[in-house]
Each structure stands twice: as structure tokens, then as C-alpha cells.
1. Mind counting the residues in the stretch 217-227 that are touching a Ser or Thr at 6+ places or on another chain (Cβ under 6 Å) and either of a type in the set (A, V, I, L, M, F, W, C) or within 8 Å of the ligand (Cβ to nearest atom) (or both)?
2. From (1) more than 28 Å from Asn407 (Cα to Cα); (2) open to solvent by less than 10 Å² (accessible area, probe 1.4 Å); (3) part of a loop (DSSP other than H, G, I, E, B); (4) of a type in the set (A, V, I, L, M), pick out the condition that doesn't hold for Ala201.
3. Do you know which residues across the stretch 263-314 are over 16 Å from the mean Cα position of the chain (by Cα) and aromatic (Phe, Trp, Tyr)?
4. Among the candidates Glu434, Glu415, Glu438, Glu394, which residue alone is modelled with pLDDT under 95 and in a helix (DSSP H, G or I)?
5. Give the residues of the stretch 270-287 that are assigned to a helix (DSSP H, G or I), more than 16 Å from the ligand (Cβ to nearest atom) and among the hydrophobic types (A, V, I, L, M, F, W, C), sorted by residue number.
6. Restricting the stretch 160-175 to residues that are within 16 Å of the ligand (Cβ to nearest atom) and in a loop (DSSP other than H, G, I, E, B), which is surrounded by the fewest Cβ atoms within 10 Å (Cβ to Cβ)?
7. For the stretch 228-238: of the residues being more than 11 Å from the ligand (Cβ to nearest atom) and in contact with a strand residue (DSSP E or B) (Cβ under 7 Å, 6 or more places away or on another chain), which is nearest to Asp283 (Cα to Cα)?
8. Have a look at Asp124, Asp157, Asp117 and point out the one that is farther than 10 Å from Gly340 by Cβ, within 16 Å of the ligand (Cβ to nearest atom), assigned by TED's automatic domain parsing to the domain that holds Ala54 and of a type in the set (Asp, Glu).
Amino acid sequence: MGGGEQTRRSFLAAAAGLSLSALISGCRRAPSAETDEGEELPEVRMPPPPVRGAGRHAGARLVFYAESVGIGAAIDRALAQRFARDTGAAVDVVLRPRDATETYASYQRLFQARSADVDVLSLDIVWPGIFAPHLLDLGQALGGLAATHLEAAIQNDTVQGRLVAMPYFTDFGMLYYRTDLLQKYGYGAPPTTWDELEAIAKTIQSGERARSRAFAGFVWQGKAYEGLTCNALEWIHSHGGGAILEGREPTVQNPRAAQALARFRRFVGTISPIGVTGYEEEDARNVFQGGNAAFMRNWPYAYAAGNTKGSRIEGLFDVAPLPHEPGYESSATLGGWTLGISKYTRFPDAAIAFVGYLCSPEVQRFRALVGGYIPTIPAVQNDPDVVRVLPFLERVRGATLVARPSNQAGARYNEVSIAFYQGVSKALYGTEPEKALEQIDRRIRRSLR
Ligand code: GLC
């Protein structure tokens, strides 16, 4: 990994669609524990950093819609408790629905009702443009802190000159594979093309089915929701089929995109379980972590989780860039979450102090070390301890980061994404890829008119 400047430049270049050099997750592990709600959350084994300079906020009561996937829920709860202890504010943590599309729908309901029932929200990086009218401008209070974060991330959170959110962590898609199984079946390296992946997955699956009838070659996120937009963007882009929009023009109607959809349609029921068309991130992770898949597409959080005690694949897997068609690029959809404050909050000062704490360098470092979350502050990305727990960055450097078209579509992004993932989902269920792409094209044009 290079110095600060280099990492910063590479990330920005990556965010612009060049090469992925952002950082990747670590490998701390934690056993499970019961929470006060009786829900199983992994244990956070490091104390959260103290809250500095936030002042006292006794009497304030914040509701925080927090991360719910992987160890993120446990981390956010621990941070909220620390903030409450140090400032006197009460913080109620609500785990957002795991499905990003469902989270979106909850927020839409809360905002439409101008509800004061939520103060601080985890927002997907594709939403600031949509929810901006309901979010506080944090520029004045947190502008100084914002200047230490990646410029691309801050730009993403700035809507018409207002800083409506603060970056929490960044994400991208990668290929997880079982090192032991590749070796067992005589493969020296993970696949780089989709054809190779298909062939290897087939061989391993048929061999392993003797042991477990549920064994799958390749698992991914095939449910009709935002996660499928992320997956299918990678398939299409890595086949040379574009990135959904160019400007405000849809670009999906092309033979390479059709080829990508046909390929994944073929995967369903062959190297991927039939049920993959209902999978979210955690479904894929559970299958892979249970030792029942050779390959998985997922985000970096699954790396830390896969190495927890009790995981059946601890030390038996690694990551690589996602495959591509020969002549095209390995493509990784850019994801991530950012924190916003509802305009309808009754406790803006406490909420700002809380977001300032969560997006501080100390907390970013803590989240990287405990959960493998990728910091959005370059100085933290280059912290030697953080570098140590991001051991596989080098292996995915070759991928190209691809952004979903949230900038181009602005407030219409969600409609565009729904049109896209619903069309892709139809293709996975058997609609001719060309026909599905034509429908996607038509619906997107209608939305952006
Ligand atoms: C991850 C990404 C987010 C994306 C979501 C889709 O949480 O960080 O950007 O929208 O997955 O499921």
C-alpha cells in the first residue's frame, strides 16, 4: 500500500471509474453474544474510543437507524452506548432493515410524515440526492471534519451546496473463494474470467455434492432489490456492457449486457442454487460461511465475519477481483453508507455531536479494526494498525470501481434502480435478456423524462 497521497489519489481515480485501490477489510473476530433484545449479535472485543469535545447533552434522546449487517449492528450499538455514557444523551439504536430497499421505504415513510421518531440515519451512498430536502445541512458544524474525509465521498454527500451527510464507510464487490477447495480440485489460482469461474464452480460443486447435497458452486445477491442492482451492474460492466446510464441516457440495450444476463440466468439452478434469486448479502454469507459454497460475491464486511470463531471456513478462504469477460475489466460496484440527520429532529445539537463522533478518525479506526469497515479518511486508511487488518487489499487492486448512476439520476435514482433490478430479476426467471433490457430501457427513459 502506498503513502497517504498515493492512496488518496488512487481512491479518487477509482471513484471516477479507473482502478480500485481503496482499502479492504480486516480480520478481527468475535464470538456471538445475546443482546438486550435477545437478538444474537457478535461481541465487540475492543472498547469504543472516548467521545471528545461533544459537550453534555443530558435530556436529549436520539433514535439512530444503524447498520444491521454482519458485525455492524453490534459495533453501532457499542458506539451509541459510549456516546450516551460520555455525553448524558440517551441513544436508542434501531437496526435498519437489512435489505437496503426496505430501509429506503422506511425512511421515505418517516420523512413523508415529517416524523421526529428518527434523528440520525444510516444512508446508502446512493440516497443523499433523494433525501436531501429532509436532511440538516452539516456544513457549518462538521465542515472541518468533512475536510479530512475523501473528497469524492464528501462530494457525494453534498447536494446543491449543502453537506447533507457525513461518510461512514465505503464498500465494493469482490469474489470470495475457498482456498482449500481450489487446492483439493487442483486449481492453482482463483478464476479471472466468468468462463473459468463457471468451469471451476461446476467441478467443485459436483465433487462436494457427494458430501453435502446443498453445496453450491457460486452464491450472490439475486433478490429483486438494491443489492441486485449492484450485482448486475458488475456483470454487465465486466462484459463490456456499460454502467446503466451515460449522462441521462440508458445504455443497457446492447448485446454485451444481454450476454451477461444470459450467463447469470444459466447460473441459476446450475452452479448457483435456484433460491439465489431470493438471496440478500446475509443469505449468501450464511451459505458460504457454513462451508456450503465454493465462490461468493459479497462486500468486504463478509471477510471479517468469515474469520469469526465458529465460522466453518475460518482461514480457508481468500478474496480476488470479480471475474470478467476476456478483454474487459473486473468490475466492483462502489457501495457504502453515510450518516444524515433528520430535519425534523428535536435534538439537533446532540445529533450533530453524535454524527461528529461516529465520523471521527478515532471511530473510523475502531470500526476498521473491529469490523473491517473501510475508512473514508485517508489518514486512517494509512494508519499502520488499519493497514495490518486490511490484509488482502493487494489482491483486489486490479478491479475497476463502478458507480451506480445516482449522480446522473439525482432524485430519480431509486426509480431507475427499481426499473433495472426488476428487469434483471425477470431475466433471471426466464424472460429473454433482450426483452428484459428493452423494458428496462423504456422504464428508465420514462423516469428520467
Ligand atoms: C451494501 C452497500 C450499499 C448497497 C447495498 C445493496 O450495503 O454498501 O451501497 O446499496 O449493499 O444491498
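The values are calculated or read from the model by the stated rules, or taken from the named source; none is laboratory data. Keep in mind the model is a prediction, meaning the values are calculated, not measured. Don't worry about glycine lacking a Cβ; one is built from the backbone with ideal geometry, like all the others, and counts go over all protein chains shown. Side chains are part of the model used for accessible areas, which takes the heavy atoms of the whole protein and leaves out ligands, DNA and RNA. Shrake-Rupley method; radii C 1.70, N 1.55, O 1.52, S 1.80 Å.
1. Residues in the stretch 217-227 being touching a Ser or Thr at 6+ places or on another chain (Cβ under 6 Å) and either of a type in the set (A, V, I, L, M, F, W, C) or within 8 Å of the ligand (Cβ to nearest atom) (or both): 4 in total.
2. Ala201 satisfies every listed condition except (3).
3. Within the stretch 263-314, Phe264, Phe267, Phe288, Phe295 qualify.
4. Glu394
5. If the condition is that a residue be assigned to a helix (DSSP H, G or I), more than 16 Å from the ligand (Cβ to nearest atom) and among the hydrophobic types (A, V, I, L, M, F, W, C), then Ile274, Val287 are the ones that fit.
6. Across the stretch 160-175, the extreme among qualifying residues is Gly173.
7. Glu234
8. Only one candidate passes the filter, namely Asp124.
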